[in-house]
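Scroll down for the structure; my scribbles are underneath it.
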Amino acid sequence: MKGDRRGQLVGAGFAALWFLVVLVAELSAGKPAFVPAILFALGPLIACAELEPVPTAGFGVVAVGLVGLTSVWNGTWDTAQMWLRVADVGLVSVAAVALAAVRVRREAQLDRIVRIAEVAQRAVLPLVPTHVGTVAAGARYLSAAEDALVGGDLYDWFHSDRRVCFIVGDVRGKGV
């Protein structure tokens, strides 16, 4: 499933921006008592909101790499705290990949359900010819729900020798 390309770019951009912000904070702080490298873990979490699991995993790898890189820079390489940071960022990254996988699966499920509903709606709604007897006719279906193409409404027509009949049904509901 491809998803919304613009949303993916925005998600990747925010995650990359977060990496940059934390990296600048890490490098400008010198050698503080608080090492902000742990905050690199939020990058994959930001990415998983819009990206698929593989790109999210890429952000996780970058986050772990940045923890290692900044540990060399601030002199905490090969300390117990550095390994805890790496483990923490790694675990959060794995959780972000799992969240992305669940989100992608649910979005695909929702897309399938919407397509089935659209097919069912189109099967129920007939094609109205441009002329029914002596009456010019036309039909256009617009769902009241902004993001739905289907609803519970209906229309139909009937033509006999003596009359032309139309029926329009408007069902007031709570969405699909």
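The values are calculated or read from the model by the stated rules, or taken from the named source; none is laboratory data. All values derive from a computational prediction rather than experimental measurement. Reconstructed Cβ throughout: ideal geometry from the backbone, glycine too, with neighbour counts over all protein chains shown. Quick note on the areas: whole protein, heavy atoms, side chains included, nothing else; ligands and nucleic acids left out. Shrake-Rupley method; radii C 1.70, N 1.55, O 1.52, S 1.80 Å.
None of Leu66, Leu20 is open to solvent by 60 Å² or more (accessible area, probe 1.4 Å) and more than 24 Å from Ala108 (Cα to Cα) except Leu20. Looking across the range 130-144, just one residue is assigned to a strand (DSSP E or B) and open to solvent by 100 Å² or more (accessible area, probe 1.4 Å), and that is His131. Restricted to the range 23-63, and to residues there that are among the charged types (D, E, K, R) and surrounded by fewer than 20 Cβ atoms within 10 Å (Cβ to Cβ), the residue that is farthest from Arg6 (Cα to Cα) is Lys31.
Yes/no per residue for (1) in contact with a Cys (Cβ under 6 Å, 6 or more places away or on another chain); (2) at pLDDT 85 or above:
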position	(1), (2)
Leu69	no, yes
Asp78	no, yes
Gln81	no, yes
Ser93	no, yes
Ala100	yes, yes
Ile113	no, yes
Gly133	no, no
Ala145	no, no
Leu154	no, no
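Within the range 69-93, being open to solvent by 100 Å² or more (accessible area, probe 1.4 Å) and free of Cβ contacts under 8 Å to residues at least 40 places away in the same chain holds for Leu69, Trp77, Asp78, Trp83, Leu84, Leu91. Please pick out the residue among Ala15, Ala37, Ala108, Ala117 that is part of a helix (DSSP H, G or I), touching a residue at least 12 places away in the same chain (Cβ under 8 Å) and in contact with a Ser or Thr (Cβ under 7 Å, 6 or more places away or on another chain). Exactly one residue qualifies, and that residue is Ala37.
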